[in-house]
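For reference, the structure is listed below as C-alpha cells.
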Amino acid sequence: MVIKDSSEYNTPVFPFTAIVGQEEMKLALQLNVIDPKIGGVMIMGDRGTGKSTTIRALADLLPEIEIVKNDPFNSHKSDFDLMSNEIKIAIQNNETIETELLKIPMVDLPLGATEDRVCGTIDIEKALTEGIKAFEPGLLAKANRGILYVDEVNLLDDHLVDILLDSAASGWNTVEREGISIRHPARFVLVGSGNPEEGELRPQLLDRFGMHAEIRTVKDPKLRVKVVEERTSFDKAPDVWIENYEQQQQQLRDKIVAAQNLLPNVELNYDLRIKISEVCSQLDVDGLRGDIVTNRAAKAYAAYNERTNVTIKDIEKVITLCLRHRLRKDPLESIDSGDKVSKIFKEIFEIED
C-alpha cells in the first residue's frame with residue numbers, strides 16, 4: 001500500500017469565477033490584489049452570504065509566487081522591501097539563494113488570537129544566554145505577500161486591529177521585547193468581514209481600510225435556488241467543477257497579472273484628481289486617505305480594463321467603495337449606503353441621471 005503525502009489532500013476550493021452575484025465585494029478584492037497599497041477591504045454583510053468562500057476562492061485563483069526556500073517570511077529574491085534582514089545579508093555576501101514556488105498565502109486570523117500569536121515572539125532567555133535574536137514568527141510573517149483575513153473584525157480587540165492596520169499600511173512588522181527589536185516585511189492584503197448587527201468598527205479604525213464593500217442576502221427566489229444548487233453540486237463533485245471552470249479561472253488570473261504589470265503606466269489627469277478631491281471635500285471626509293485611495297483604486301480599475309488612462313467611468317465605479325465608510329463621524333451612526341457619495345459625484349463631475 002502506497003501512503004500519499006498529506007499535502008496532496010488539499011481541500012477543494014470553490015472557483016472564484018463560479019460565484020454568483022456579490023459584484024461589489026469581488027471587485028474590491030480584485031482591485032486590492034492588483035494594487036495592495038489601496039489598503040485592504042472591509043466587507044460588511046449578512047451571515048451566510050459567502051464572504052469567507054469568496055476570499056478563499058480569490059487566494060486560490062491567484063498565481064504562485066517565488067519565495068526564498070525555507071524562509072519564514074516568504075521573502076522575495078530581489079525586492080528589498082519584501083525580504084527579511086537575513087536574506088538581505090545573504091545577498092550582500094553573494095551567497096547562493098535557492099527559491100521555490102508557493103501558493104499565495106491565505107492566513108485566517110482567529111478571534112481569540114493574542115498579540116504574540118499575531119506579531120511573533122522573541123525568546124528573551126535565548127537572546128540573553130546565547131546572544132542570538134531568537135524570533136518565533138507570527139501570523140503577520142506568514143501573511144507576507146499574501147492575504148490576511150479577519151472574520152468578525154468588528155469583534156476583534158481594537159489594539160489588535162490597530163496593529164494589523166499599521167502593518168498593512170507600512171508593509172513592516174516590528175516586535176520589541178526588553179530592549180530587543182526585530183523588524184520583518186509584512187506586506188499583505190488585509191480583508192476584514194463582519195455583520196453590522198454585531199456592531200460597527202470605530203470610525204477611526206474603519207477609515208484605515210481602503211475600501212468598504214456591502215453585501216446583502218439575495219432576495220430573488222430563482223437566484224437563491226441557483227446558488228444553493230451550484231453549491232450542492234460542487235460539494236458532490238468538486239474536481240469536475242474545478243475542471244469545468246479552469247479556463248475561466250485562467251483567463252481571470254491572466255487579466256489580474258496583466259493589470260499588475262500595466263498599473264505603473266496608468267495615468268490619472270490633473271483635472272480628474274482635482275474633482276476627486278472636490279468630492280471628498282464636499283462630503284467632509286477627514287484627512288486625505290479618501291483622496292489617495294480613490295486615485296489608486298481608479299488606476300487599478302483602468303489597468304484591470306487594459307487602459308493606461310483613467311476615465312470618469314472608472315472613478316464612478318470605485319468612488320463609493322472608497323468613500324462611503326469615511327462619512328460616519330459618530331460611532332452610533334450607520335454607514336451610508338452610497339447614495340450620498342453618488343449624488344455629490346454626479347454634481348461635481350456634471351453627470352446627468
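Val191 is checked against (1) in a helix (DSSP H, G or I); (2) more than 16 Å from Gly138 (Cβ to Cβ); (3) at pLDDT 85 or above; (4) not hydroxyl-bearing (Ser, Thr, Tyr) and fails just one. What number does that condition carry?
(1)
To keep it simple, each residue is scored yes or no on (1) of a type outside the set (Phe, Trp, Tyr); (2) in contact with a strand residue (DSSP E or B) (Cβ under 8 Å, 6 or more places away or on another chain); (3) under 28 Å from Asn295 (Cβ atoms); (4) at pLDDT 85 or above.
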| site | (1), (2), (3), (4) |
| --- | --- |
| Thr11 | yes, no, no, no |
| Glu24 | yes, yes, yes, yes |
| Thr54 | yes, no, yes, yes |
| Leu62 | yes, no, yes, yes |
| Asn74 | yes, yes, no, yes |
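Quick test for you: out of Thr11, Thr17, pick the one residue that is within 22 Å of Tyr245 (Cα to Cα), outside any helix (DSSP H, G or I), of a type outside the set (A, V, I, L, M, F, W, C) and out of contact with any Asp or Glu (no Cβ under 8 Å at 6 or more places or on another chain). Full working, then the answer.
Details: Thr17 fails: outside any helix (DSSP H, G or I).
Being within 22 Å of Tyr245 (Cα to Cα), outside any helix (DSSP H, G or I), of a type outside the set (A, V, I, L, M, F, W, C) and out of contact with any Asp or Glu (no Cβ under 8 Å at 6 or more places or on another chain) holds for just one of Thr11, Thr17, which is Thr11.
So if I check each of Ser167, Ser277, which one is within 18 Å of the chain's Cα centre (by Cα) and polar (S, T, N, Q)?
On the way: Ser277 fails: within 18 Å of the chain's Cα centre (by Cα).
None of the other options fit; the residue is Ser167.
A quick yes/no check of all residues on (1) in a strand (DSSP E or B); (2) within 22 Å of Phe80 (Cβ to Cβ); (3) in contact with a His (Cβ under 6 Å, 6 or more places away or on another chain):
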residue: Ile97; (1), (2), (3): no, yes, no
residue: Glu100; (1), (2), (3): yes, yes, no
residue: Val107; (1), (2), (3): yes, no, no
residue: Ala113; (1), (2), (3): no, no, no
residue: Asp162; (1), (2), (3): no, no, no
residue: Asp166; (1), (2), (3): no, yes, no
residue: Ala169; (1), (2), (3): no, yes, no
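As an exercise: evaluate Ile242 against (1) over 30 Å from Leu327 (Cβ atoms); (2) in contact with a strand residue (DSSP E or B) (Cβ under 7 Å, 6 or more places away or on another chain) and give the number of the one condition it does not meet.
So the condition that Ile242 fails would be (2).
Do we find that Leu205 is touching a residue at least 40 places away in the same chain (Cβ under 8 Å) and surrounded by 16 or more Cβ atoms within 10 Å (Cβ to Cβ) in this structure?
Details: touching a residue at least 40 places away in the same chain (Cβ under 8 Å): yes; surrounded by 16 or more Cβ atoms within 10 Å (Cβ to Cβ): yes.
Judged against the criteria, Leu205 is a match.
Every residue in the stretch 181-222 that is within 22 Å of Asn32 (Cβ to Cβ), polar (S, T, N, Q) and more than 13 Å from the chain's Cα centre (by Cα), please.
Across the stretch 181-222, the qualifying residues are Asn195, Gln204.
Have a look at Leu252, Leu262 and point out the one that is modelled with pLDDT of 95 or more, in a helix (DSSP H, G or I) and either closer than 30 Å to Phe14 by Cβ or among the β-branched types (Val, Ile, Thr) (or both). Lay out the reasoning, then the answer.
Details: Leu252 fails: modelled with pLDDT of 95 or more.
After applying the criteria, what remains is Leu262.
Of the residues Lys275, Lys346, Lys329, which is among the charged types (D, E, K, R), at pLDDT below 95 and in contact with a Pro (Cβ under 9 Å, 6 or more places away or on another chain)? Even if it seems obvious, please write down each step before you answer.
Working: Lys275 fails: in contact with a Pro (Cβ under 9 Å, 6 or more places away or on another chain); Lys346 fails: in contact with a Pro (Cβ under 9 Å, 6 or more places away or on another chain).
After ruling out the rest, the residue left standing is Lys329.
The values are calculated or read from the model by the stated rules, or taken from the named source; none is laboratory data. These numbers were taken from a predicted model, which means no experiment stands behind them. Cβ: placed from backbone, ideal geometry, glycine included. Neighbour counts: every protein chain shown.
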